[in-house]
Structure formats: structure tokens, C-alpha cells
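The values are calculated or read from the model by the stated rules, or taken from the named source; none is laboratory data. Just so you know, these numbers come straight off a predicted model, no measurement behind them. Cβ placement follows ideal geometry from the backbone for every residue including glycine, while neighbour counts extend to all protein chains displayed.
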Amino acid sequence: MVDFLMHTIVLAFDYARLELASHVDIISCFLSLLKKIFKIWGDKMERDIQDALEILGRGKGFALDIGTGRGRMASGLAEYGYDVVSLDESLEALKRAREFIRESGVEEKVLLMVGDGHSLPFLDETFDVVATYNALHHMRDYKRVLDEMVRVCKKGGKIVISELNEYGKKVVEESHRKRGSHHEANISIVDVSSYLEKEYRIVGEIKPSERTDIYIATNISF
């Protein structure tokens, strides 16, 4: 009888331990999921990336992301089906982006590289999608970057550009001011649209988002 009771207690303990482990796993997975959600949706700016991706739509092929930043556009493009090359001049930015992309689960679909948007190291008509998210206003010559975007985009491919709207500029400027730094965004999506139409006869659509304006066009340059 004692042996039976001891055996029952051992079984009960093992069962309780398994149940606890199961709950710990569930909690761990839940916390991990929350972490990913907050990384993607942690601020309103990232909702604008989602808006841009929804306008572009899911697809296949190769996409170029100019100005990696935190890696959110590169990660989003990969999640939408593209094999992505993401380029940034800052090695430190690429290191931070690598961690975000790894946690997003799309590391195998994203190649990060150091490079300059003013002189892209790719052949003409390489990519099905060429995108940049709130990076043009950081460039020395945004028109030169636009020239390069058109050059490496396949005919019939998509050009996707996001830039801060007036509300977004105020929010970002205030954020920098609180950190004791300064931020300027001296171009608008209308500047982008006007240049591409004038120089390449590319006519795109401008879609407003919360803190950015999103430009998307089909590359019909010749």
C-alpha cells in the first residue's frame, strides 16, 4: 500500500511538473509574441510601414531597401514575400537592424550590406521593387538617389517611397529636441513625385498615412 501511494505521489509530481513546464512554455511564447508585436507596432511610425506594404501588396522577386535604419522596411518586405537587399551607410545601423530582422524570423530572406544610395553597386534593372522609408531627407542629394532607384528598378517594377508629412516632421523634431538633438526634413513627397514625373515621366500615386506620405509608382522610364 505504501509503495502504491509513493508511486502515485511520484506520478502526480511528474504530472504537475509537466503542467508547470507547459504553462511556462506558453507564457514564454506569449511574452515572445508580445515582444515582436511591440517591436513592429511599438510606435505609430511603424504603422506607416504597414500602410506602405499594403499598398504595394504581396509579391515575389527581389526588393531593394535603401536606408536600412532599424530594419523595419526590410523585414516587412521579406514578410510580404520578397527576397530583400537592404543597404545603409552606417555599419552600426546594420548591426541593430540585423537583431530586429532575426527576431522577426525573416533573416534568411534579407541581405544587409554597407552601401551608398547615391551610387548603388547594382546593374541596371536588377530589382522588382525599390523602396526607401523616411531616408531621402537624410541624403546629401535626394535627386541623385532617385536617379539610382529608377536605374536599378526593372521596367514595370515598383518604386515605393515614404517621407514624413507635416505632422510627422513636427513629431520627429519634438522627439529629437527632447533628446537634445536636431532633425530636419526639408523635402516632401510632392518634391519626389514632381522630380520623377519631370525627369522620367513616371506618374505615381500619393497615399497619406498617419505620419508619412507614401508614393508608389510603376517604373515606365525609357
Checklist line | Qualifying residue in segment 105-125 (condition: buried (at least 16 other Cβ atoms within 10 Å of the Cβ) and touching a residue at least 60 places away in the same chain (Cβ under 8 Å)) | finding: no
Margin query: If a residue counts only when it is in contact with a helix residue (DSSP H, G or I) (Cβ under 9 Å, 6 or more places away or on another chain) and free of Cβ contacts under 8 Å to residues at least 24 places away in the same chain, which strands (runs of 3 or more DSSP E) contained entirely in segment 148-222 have at least 3 such residues?
Written below: none
Note to self: If the requirement is being at pLDDT 85 or above, acidic (Asp, Glu) and in the same structural domain as Asp124 (by TED's automatic domain parsing), which of these qualifies: Glu173, Glu205?
What the structure shows: Glu205
Check: Can you pull out the residues in segment 155-179 that are surrounded by fewer than 22 Cβ atoms within 10 Å (Cβ to Cβ) and among the charged types (D, E, K, R)?
Finding: Lys155, Glu166, Lys169, Lys170, Glu173, Glu174, Arg177, Lys178, Arg179
Next item on the list: Scan segment 75-128 for residues that are under 23 Å from Val145 (Cα atoms), in contact with a Lys or Arg (Cβ under 6 Å, 6 or more places away or on another chain) and part of a loop (DSSP other than H, G, I, E, B) and report the count.
Entry: 3
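Look at Arg140 and say whether it is assigned by TED's automatic domain parsing to the domain that holds Asp65, over 15 Å from Thr212 (Cβ atoms) and part of a helix (DSSP H, G or I). Break it down stepwise before answering.
Details: assigned by TED's automatic domain parsing to the domain that holds Asp65: yes; over 15 Å from Thr212 (Cβ atoms): yes; part of a helix (DSSP H, G or I): no.
Judged against the criteria, Arg140 is not a match.
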Note to self: Is it the case, given these coordinates, that Lys143 is basic (Lys, Arg), modelled with pLDDT of 95 or more and surrounded by fewer than 18 Cβ atoms within 10 Å (Cβ to Cβ)?
What the structure shows: yes
Notebook entry, point to check: From the set of residues in segment 176-202 that are among the charged types (D, E, K, R) and more than 14 Å from Asn219 (Cα to Cα), which is modelled with the lowest pLDDT?
Noted result: Glu184
Notebook entry, point to check: Is it true that some residue in segment 64-83 is surrounded by 13 or more Cβ atoms within 10 Å (Cβ to Cβ), at pLDDT 95 or above, in contact with a Cys (Cβ under 9 Å, 6 or more places away or on another chain) and under 20 Å from Val152 (Cα atoms)?
Noted result: yes
